[in-house]
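Novice: The structure is given below, and queries will be raised subsequently.
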Protein chains: 2
Amino acid sequence: MALVVDGKKLAQEILEEVRSEISAIKKKVRLASVLVGSNSASISFLKEKERACELAGIDFRLYRFPENITTSQLRARLAEIVHLPQNTGVILQLPLAEHLNTQYLLNAITPQKDVDCLSEGSLGAFIVGRHKILPPPVAALKFICEKFGITTIGKLTVVIGAGRLVGKPIAAWLMQQETNVVSLNEHTKNIGEFTRRADIIVSGVGQPHIIRPDMVREGVVVFDFGFSKQDEKIVGDVEFDEVSEKASLITPVPGGLGPLTVTFLVKNLLTLASTPKR
Amino acid sequence: MALVVDGKKLAQEILEEVRSEISAIKKKVRLASVLVGSNSASISFLKEKERACELAGIDFRLYRFPENITTSQLRARLAEIVHLPQNTGVILQLPLAEHLNTQYLLNAITPQKDVDCLSEGSLGAFIVGRHKILPPPVAALKFICEKFGITTIGKLTVVIGAGRLVGKPIAAWLMQQETNVVSLNEHTKNIGEFTRRADIIVSGVGQPHIIRPDMVREGVVVFDFGFSKQDEKIVGDVEFDEVSEKASLITPVPGGLGPLTVTFLVKNLLTLASTPKR
């Protein structure tokens with residue numbers, strides 16, 4: 001039976017530490033969140049971020065724009081939001097509508113305020129291992145590895161999904177850790193062929209139950225970043241009940257990596273806010 | 001029997017195209033090369049770069065510094081070299097001595113002149129797919145794929161070696177191409193387990209003959225970035241004679257990816273020099 005990571009409890013502990021550090025630096029800290037349109041999943045993710053900010057004693061300000069805003073209009077508004085000194089950190093809630101140039105818009109957030117670590121400048125510093133912060137999903141994964149003594153060096157890690165938010169940054173970070181990394185995507189025909197050999201599986205696809213018990217080996221470590229709805233229930237990418245019987249450690253959905261990822265977003269805000277400007 | 005890529009001939013053709021484009025833009029173009037110490041491999045790589053510049057009608061200027069220069073001294077000199085308008089492109093020949101902070105030094109090269117695409121700024125733009133140039137080894141690989149109709153989407157590509165110059169940028173680029181990527185490193189115990197399933201193998205280790213014929217399947221495509229000396233002969237990572245009998249396409253060493261990589265360094269210089277400043 002696997003150790004099931006209680007992400008909610010760990011998140012709360014870290015947020016309390018952040019709260020006391022925030023009050024120690026005696027500086028007003030505010031997370032500015034930019035939402036375009038009214039995607040219900042985006043709204044509920046932002047609610048989680050607002051709640052985490054509250055727990056950490058951080059102001060939260062939501063900027064909303066209509067779905068039909070153009071890239072150049074939004075880029076101009078983002079630049080204003082980023083340059084306001086009250087906004088110590090800025091996030092642009094993804095995904096954006098098809099007609100918007102996502103990366104160009106993310107690049108409007110300067111690395112000093114880019115708590116999600118998604119701009120070109122932040123990613124460059126991250127990729128060479130010289131950034132002060134990590135992308136929140138990477139920070140959450142690293143935290144669990146350190147907390148529970150999971151070493152990555154020389155291991156075989158299979159990363160399912162190659163998206164901007166999870167798969168790509170996780171794979172890039174694992175390569176820095178001298179792990180053997182297998183990066184799979186939606187074109188992979190036989191995921192099980194790889195996952196059955198894996199010491200560590202990281203999934204960030206958002207399709208219910210693509211990782212079944214026959215696809216993993218005894219003692220595997222499973223990180224589930226998946227998040228989807230099935231029969232009105234929130235589920236991850238992993239068939240939790242059966243896979244957890246074979247795994248040595250597993251993160252549940254909900255209550256696993258989700259709350260920890262939000263927590264490290266907030267912690268990044270503290271790190272950047274307390275670093276003197278270059 | 002494999003198609004053997006004649007990198008030398010292809011390189012010459014591309015350099016002649018670059019030569020006519022350079023004369024068309026009517027602008028003096030110069031590659032500034034920075035060499036620290038007197039590593040003989042570094043000196044011979046720089047000679048290759050100088051020769052390619054000559055063929056393309058580009059000035060070449062070598063700046064040499066003693067082995068015992070400090071990071072801050074070298075960073076200051078690099079900044080001067082980069083800011084000279086005559087130097088349209090700047091490279092820092094790697095590897096550097098242990099006591100030097102390689103990435104910090106590479107970051108002194110502004111993206112507009114960073115033809116090797118190794119600074120944080122260049123890598124950030126590359127990683128999100130928004131750069132005007134590609135790291136030269138990536139450009140060489142992409143060129144061969146396009147020239148010989150090799151598609152990467154949905155394929156299984158095994159990348160051996162996770163270094164700064166070859167393995168990391170190649171793996172990052174392949175992930176953008178929706179390939180399934182396996183990144184292996186010096187801690188991998190059983191490389192053959194992965195290479196035997198591979199549609200495409202990319203090796204950038206620099207150890208003679210680590211890829212043997214029993215480790216590949218019929219029809220595989222093999223890219224050999226390896227470069228080492230064995231009995232005074234230059235050899236790649238692949239046992240060329242036997243592996244080429246099974247492969248559908250293979251790059252030899254010498255005369256394969258080496259000349260093409262140098263060529264795309266020179267082509268990057270043209271691309272950056274003919275792009276208006278942002």
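Novice: Quick check: the distance between the Cα centres of the range B:36-99 and the range A:172-206, to the nearest angstrom?
Specialist: 38
Novice: Using the Cα centre of the range A:136-259 as origin and beta-carbon charges of +1 (Lys, Arg) and -1 (Asp, Glu), tell me which of A:234, A:221, A:182 is placed farthest towards the positive end of the dipole.
Specialist: A:182
Novice: Please report, for residue A:61, the nm distances (one decimal) from its label point, 7 Å out from Cα along the beta-carbon direction, to the equivalent points in the remaining copies, shortest first.
Specialist: Inter-copy label distances (nm, one decimal, shortest first): 4.8.
Novice: Just A:232, A:16, A:242 to compare: in a GNM of chain A, with alpha carbon springs under 10 Å, which one fluctuates most?
Specialist: Most flexible of the set in this elastic network: A:232.
Novice: Also: What does the helix-only formula give at 222 nm for chain B: each DSSP H stretch with n ≥ 4 adding -39500 (n - 2.57), the total divided by the residues, and the result rounded to the nearest 500 deg cm²/dmol?
Specialist: -12500 deg cm²/dmol, from helical runs alone.
Novice: Continuing with this model, one more query. Take every Cα pair under 8 Å in chain A that's 6+ residues apart, average their separations, divide by the length, and report that relative contact order as a whole percent.
Specialist: 23
Novice: Per residue of the range A:84-93, in order, report the coupling 6.51 cos²θ - 1.76 cosθ + 1.60 (Karplus, θ = phi - 60°) as ³J(HN,Hα) in whole Hz, putting x for Gly and Pro.
Specialist: So the Karplus estimates, Gly and Pro as x, are 5, x, 5, 8, 6, x, 9, 10, 10, 5 Hz.
Novice: Hey, another quick one. Under 14 Å from the Cα of residue A:229, which aspartates and glutamates turn up, not counting those fewer than eight places away in the same chain?
Specialist: Those aspartates and glutamates meeting the cut-off are A:237, A:239.
Novice: For residue A:76 and residue B:72, what does the FRET efficiency come to when R0 = 51 Å and r is the distance between their Cβ atoms, rounded to the nearest 0.05? Mind showing how you got there, number by number?
Specialist: Working: r = 39 Å, r/R0 = 0.77.
The value I calculate is 0.85.
Novice: When only Cα pairs under 8 Å and 6 or more residues apart are kept, what is the percent relative contact order across the range B:28-110?
Specialist: 43
Novice: Along the Cα-to-Cβ line of residue B:8, 7 Å from the Cα, sits a label point; which residues in the range B:27-57 have backbone N less than 19 Å from it?
Specialist: The answer is B:44-56.
Novice: Mind checking which of A:41, A:171, A:162 has the largest fluctuation in a GNM of chain A, springs on alpha carbons under 10 Å?
Specialist: Of A:41, A:171, A:162, the most mobile in the Gaussian network model is A:41.
Novice: Using the crude model of +1 on Lys and Arg Cβ and -1 on Asp and Glu Cβ, and no other charge, please compute the dipole size for chain B relative to its Cα centre, in debye to 20.
Specialist: So the dipole magnitude of chain B works out to roughly 1100 debye.
Novice: What net charge is computed for the residues neighbouring residue A:144, neighbours being all others with C-beta under 12 Å from the C-beta of residue A:144, Lys and Arg scored +1, Asp and Glu -1? Write out the running numbers ahead of the final one.
Specialist: Details: positive: A:142, A:147; negative: A:6, A:146, A:224.
Value of the local net charge: -1.
Novice: Here's another thing I want to ask about it. Tabulate in residue order the Karplus-calculated ³J(HN,Hα) for the range A:185-192, using 6.51 cos²θ - 1.76 cosθ + 1.60 with θ = phi - 60°, rounded to whole Hz; enter x for Gly and Pro.
Specialist: Values per residue, Gly and Pro as x: 9, 5, 8, 6, 7, 10, 4, x Hz.
Novice: Continuing with this model, one more query. Let me know the charge dipole size of the range B:136-258 about its Cα centre in debye, to the nearest 20, where only the beta-carbon of Lys, Arg (+1) and Asp, Glu (-1) is charged.
Specialist: Dipole magnitude for the range B:136-258 comes out near 380 debye.
Novice: Distances from residue A:232 to the same residue in each other copy, label points 7 Å out along Cα→Cβ, in nm, shortest first?
Specialist: Between copies, matching label points for residue A:232 lie 8.2 nm apart.
Novice: Measuring from label point to label point, each 7 Å out along Cα→Cβ, what is the residue A:47 to residue A:232 span in nm?
Specialist: Distance between the two pseudo-spin positions: 1.5 nm.
Novice: For residue A:146, place a label point 7 Å out from Cα along the Cα→Cβ vector, do the same in each other copy, and report the separations in nm, one decimal, smallest first.
Specialist: Spelled out, the distances from residue A:146's label point are 4.3 nm.
Novice: For residue B:267, go through the aspartates and glutamates and keep the ones whose alpha-carbon is under 20 Å away, minus same-chain ones fewer than eight residues off.
Specialist: B:6, B:13, B:16, B:17, B:21, B:48, B:50, B:54, B:59, B:114, B:116, B:146
Novice: Which Cβ of chain B lies nearest the axis of the rotation superposing B onto A, and at what whole-Å distance?
Specialist: Closest Cβ on chain B to the axis mapping it onto A, in Å: B:124, 1.
Novice: Which of A:113/A:142; B:8/B:132; A:155/B:8 have a Cα-Cα distance over 31 Å?
Specialist: Numbers: A:113/A:142 22 Å; B:8/B:132 25 Å; A:155/B:8 38 Å.
Listed pairs above 31 Å: A:155/B:8.
Novice: For the range B:165-226, what's the relative contact order in percent, using C-alpha pairs closer than 8 Å and at least 6 residues apart?
Specialist: 33
Novice: Related question: For residue B:182, which sequence-distant residues (separation of 5 or more, or a different chain) have an amide H within less than 5 Å of its own amide H, given hydrogens modelled in the peptide plane?
Specialist: For residue B:182, the qualifying residues are A:183, B:157, B:158, B:159.
Novice: Using +1 at the C-beta of Lys and Arg and -1 at the C-beta of Asp and Glu, which of B:201, B:154, B:258 has the Cα lying farthest in the positive direction of the dipole of the range B:136-258?
Specialist: Of the candidates, B:154 comes out farthest on the positive side.
Each reported figure results from applying straightforward, stated rules to the coordinates on display, with no laboratory input. All of these numbers come straight from a predicted model, not from anything done at the bench. For neighbour counting, all protein chains shown are included, and Cβ atoms are generated from backbone atoms with ideal geometry for every residue, glycine included.
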